[in-house]
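First comes the structure, then the notes that go with it.
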Amino acid sequence: MTEPGASPEDPWVKVEYAYSDNSLDPDDEDSDYHQEAYKESYKDRRRRAHTQAEQKRRDAIKRGYDDLQTIVPTCQQQDFSIGSQKLSKAIVLQKTIDYIQFLHKEKKKQEEEVSTLRKDVTALKIMKVNYEQIVKAHQDNPHEGEDQVSDQVKFNVFQGIMDSLFQSFNASISVASFQELSACVFSWIEEHCKPQTLREIVIGVLHQLKNQLY
DNA sequence: CGGCTTAATACGCAAGACCG
DNA sequence: CGGTCTTGCGTATTAAGCCG
């Protein structure tokens, strides 16, 4: 950076600002000896300053590698036959990359697990509501169900549910080939076999059968 | 006053020497 | 062989001076 007041035409004056040296007088411009000596001093000072700056830069890089080795668990594993050994920079970098990739995979796995657990919670909540309804129905009419339900009744319930599902399936899927059918099945399941939909179907079938029986 | 030029300085990289 | 140090070089940044 240029010091204020320094003339660009006279670099050695600028040097006086940047690297002041009491042993050399930059004002003594008549002396070639002093000029040369000052030039040399300037060069030396520049070189030293640069060397120091470079050392500082290397220190910063070294600190970075040391920090990585401290932070990354796979860099801390020790070979007990040798003891704690310093890893090369290349190895520290490679292990760091591997560790970051491992963390990414772990994160993805955990996100998938959370999603699955959320779905489980929803399903369990629905089941809980159903069981509570069953319990309430039993409390309202304690003698209902004491008679053994016949296989025929069970079959009728199952048949009613399946019939209802088939109607929905048949109405939503109109395809020309088996390949098309295969492709449609999953989207139909996702759309029409949601827990809430199934619950409504089952309730409808049970109501219908109940009316028929009593 | 804003844009351009110039010079000094800061910064970063790479090559080569050296060391353990 | 890997790390460190020194040094030269190129580029970016900054400040001063000049000019229309």
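Looking only at residues of segment A:54-93 that are within 13 Å of DNA strand B (Cβ to nearest atom) and outside any helix (DSSP H, G or I), we find that the one that is modelled with the lowest pLDDT is A:Lys86. Does A:Cys193 meet the test of being within 42 Å of the chain's Cα centre (by Cα) and at pLDDT below 80? Against the criterion (within 42 Å of the chain's Cα centre (by Cα) and at pLDDT below 80), A:Cys193 does not qualify. Checked across segment A:167-190, the condition of being more than 43 Å from the chain's Cα centre (by Cα) and within 25 Å of A:Lys125 (Cβ to Cβ) holds for no residue.
The values are calculated or read from the model by the stated rules, or taken from the named source; none is laboratory data. Nothing here was measured: the structure is a model prediction, and the numbers come from that model. Cβ coordinates were reconstructed from backbone atoms using ideal geometry, including for glycine residues, and neighbour counts include every protein chain displayed.
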